[in-house]
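Written below as structure tokens is the structure these notes are about.
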Amino acid sequence: MEDCLGSDDEYYYSDQDSLDGIENEDSDPQWIPPKGTTTKVITKESLLSAQKEDLRRVMDLLFLREHHARTLLIHYRWDVEKLFAVLVEKGKPCLFSEAGVTLVEHEDLDPPLPNSPVMCAICIEDVPSVDTTKMDCGHCFCNSCWTEHFVVKINEGQSKRIRCMAHKCNAICDESVVRNLVSKRHPHLAEKFDRFLLESYIEDNKRVKWCPSTPHCGNAIRVEDDEFCEIECTCGLQFCFSCLSQAHSPCSCLMWELWAKKCRDESETVNWITVHTKPCPKCHKPVEKNGGCNLVSCICGQAFCWLCGGATGRDHTWSSIAGHSCGRYKEDKEQNAERAKRDLYRYMHYHNRYKAHTDSFKLESNLKESIQKKVAVSEEKDSRLRDFSWVNNGLSRLFRSRRVLSYSYPFAFYMFGEELFKDEMTKEEREIKQHLFEDQQQQLEENVEKLSKFLEAPFDDYKENEVMDIRMQVINLSAITDTLCQKMYDCIESDLLGSLQLGIHNIAPYKSKGIEKASELTVCWVNKANNADKDLRLHCGTSGNVLI
């Protein structure tokens, strides 16, 4: 793993390069976004259209009615690509049977007359044939029994996949039949049934999730590629799509879950213990001093000096403790720190730095407001320097980098601790990786602080040549911090998490432009998707097991 910064000269950017790469960061119309996750916001108004889009793909490929396409998609959790993969691998009969889709047409050669009696196998009563309904599977029962069956299933929350009443029949009932029969007696349940079918696109779809905003904004988010990503909803909330908690990369979801719980459970307690107690040298329990004397006794019976924490005898005078003196400084060559004390200090080390950068990140609005005032004053001056976009770009880069720094400390706490990866690395390997990571972390931290210093400078009072110097410093430091953030993510993904056998720790990729903002869903059929479906249809047609 190479050093991120060899010298100042290695990361010096020319004025023109910096302007091209930084100043036009948010305004260059020719900028092509890097390949990555595409996210869409699904509103209440566009939810039906989003659902229809996937339904239409399956209906056109397999020549199905909407009811059967919906049954297939609900069974495969609205994963169209997975449905197509099963189709190619196993064929249409297996695809349909697993999902409960029956396409057999049962046509009676001599259909019963409208008023002729038909015995219902459920209620064992003769009813007119006009009051019976036959499903695609061929089973026919009276409308009254069907209706009661549907009402029970809807009230039980099973309306997305209501099966036929016949014994051992796996077929899913036609949604139009369900809606028609239920609406005659229970209109409110029919509306509930439609709502369940509509919301199944979100509830059962692994690539679509509700925005976790509170109060809820009513939006859902759909990702097209990788579900391990961070997204900003149109309501302004930034969150992790995988676990729906706040955006936390470079922490994995499990690391963040453990860290958040640890902070909730221990932070205030640890702060109070650190300030008001000292550990007993014998039993390691925290001891609070409740008197003026510096000879303290633990409940285990051990006496120790409050000043240095060392074990002592119990005899003392007003001036000293018998057989003990800690007034002279002594180099303690043998550091026999107890595990509890070491773990406490280790947690406080990472927590304090995490909190410091998080607090700085939260001050963004105040800092942005003060900087905007300085920009307004500078723009009113009679100067050749009119463009101050470098200030806003530098400010955005500052807080993106602070956010990375903030969450890098919980990551380091678990990455190099013994809670998660004790058996994944030897002690020597852990130390080597920790030193390399901390070197990168320190370099990023130093440049972030430099960038903060220049942005907070009172450049509105400076001369023109001094402002030009600050401008170049901000532009260069912005580029440097971006590069260092990218290198830190590459280090985590390749050298740290990538080398482990435990593959449950995935992190959202680094976005130089910041957390991706989801765009409103535009309902259209992408030509690329159309072409892919056509290719698949031709492929399946030649296999002889798809076309009806």
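Has the stretch 132-146 got at least one residue that is of a type in the set (D, E, K, R), surrounded by fewer than 20 Cβ atoms within 10 Å (Cβ to Cβ), touching a strand residue (DSSP E or B) at 6+ places or on another chain (Cβ under 8 Å) and farther than 17 Å from PHE196 by Cα?
yes
Could you list all residues from the stretch 60-85 that are surrounded by fewer than 19 Cβ atoms within 10 Å (Cβ to Cβ) and among the hydrophobic types (A, V, I, L, M, F, W, C)?
PHE63, ALA85
If we scan the stretch 427-446, do we find a residue that is surrounded by 19 or more Cβ atoms within 10 Å (Cβ to Cβ), among the hydrophobic types (A, V, I, L, M, F, W, C) and closer than 19 Å to ARG346 by Cα?
Checked against the condition, which is being surrounded by 19 or more Cβ atoms within 10 Å (Cβ to Cβ), among the hydrophobic types (A, V, I, L, M, F, W, C) and closer than 19 Å to ARG346 by Cα, the stretch 427-446 yields at least one hit.
Rundown of residues vs (1) under 20 Å from ASP439 (Cβ atoms); (2) surrounded by 19 or more Cβ atoms within 10 Å (Cβ to Cβ); (3) under 31 Å from the mean Cα position of the chain (by Cα), yes/no style:
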position: ASP460; (1), (2), (3): no, no, no
position: ARG471; (1), (2), (3): no, yes, no
position: ILE475; (1), (2), (3): no, yes, yes
position: ASP482; (1), (2), (3): yes, yes, yes
position: MET488; (1), (2), (3): yes, yes, yes
position: GLU493; (1), (2), (3): yes, no, yes
position: LEU496; (1), (2), (3): yes, yes, yes
position: ASN506; (1), (2), (3): no, no, yes
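Based on this model, can you work out whether ARG339 counts as open to solvent by 70 Å² or more (accessible area, probe 1.4 Å), at pLDDT 65 or above and not small (Gly, Ala, Ser)?
yes
Could you go through the stretch 227-244 and let me know if any residue there is under 22 Å from the mean Cα position of the chain (by Cα), at pLDDT below 80 and open to solvent by 30 Å² or more (accessible area, probe 1.4 Å).
Yes; the residues of the stretch 227-244 include at least one that is under 22 Å from the mean Cα position of the chain (by Cα), at pLDDT below 80 and open to solvent by 30 Å² or more (accessible area, probe 1.4 Å).
Please state which one of LYS534, LYS513, LYS528 is basic (Lys, Arg), modelled with pLDDT of 80 or more and open to solvent by 50 Å² or more (accessible area, probe 1.4 Å).
After applying the criteria, what remains is LYS513.
Is one or more of the residues making up the stretch 265-278 modelled with pLDDT under 85, under 27 Å from MET415 (Cα atoms) and in contact with a strand residue (DSSP E or B) (Cβ under 8 Å, 6 or more places away or on another chain)?
Yes - at least one qualifying residue is present in the stretch 265-278.
For the stretch 119-129, what are the residues that are open to solvent by 40 Å² or more (accessible area, probe 1.4 Å) and either over 54 Å from the mean Cα position of the chain (by Cα) or over 19 Å from ASN180 (Cβ atoms) (or both)?
Result: MET119, ALA121, CYS123, ILE124, GLU125, ASP126, PRO128.
Checking the condition within 18 Å of GLY514 (Cβ to Cβ) and modelled with pLDDT of 90 or more, which residue from LEU455, LEU444 passes?
LEU444
Taking the stated definitions as given, is ARG179 outside any loop (DSSP other than H, G, I, E, B) and in contact with a strand residue (DSSP E or B) (Cβ under 9 Å, 6 or more places away or on another chain)?
no
Within the stretch 447-458, restricting attention to residues that are of a type outside the set (Asp, Glu), out of contact with any Gly (no Cβ under 9 Å at 6 or more places or on another chain) and part of a helix (DSSP H, G or I), which residue is surrounded by the most Cβ atoms within 10 Å (Cβ to Cβ)?
Residue satisfying both the conditions and the ranking: VAL448.
I'd like the residue in the stretch 93-102 that is touching a residue at least 24 places away in the same chain (Cβ under 8 Å) and crowded, with 19+ Cβ neighbours inside 10 Å and, out of all such residues, is farthest from ASP204 (Cα to Cα).
Applying the filter and picking the extreme gives THR102.
Kindly indicate whether any position in the stretch 28-39 is under 29 Å from the mean Cα position of the chain (by Cα), at pLDDT 85 or above and open to solvent by less than 10 Å² (accessible area, probe 1.4 Å).
yes
The values are calculated or read from the model by the stated rules, or taken from the named source; none is laboratory data. Treat the numbers as computed from the prediction; the structure is a model and nothing was measured. Please note: Cβ atoms are built from the backbone with ideal geometry, for glycine as well, and neighbour counts cover all protein chains shown. Heavy atoms of the whole protein, side chains included, go into the accessibility calculation; ligands, DNA and RNA do not. Shrake-Rupley method; radii C 1.70, N 1.55, O 1.52, S 1.80 Å.
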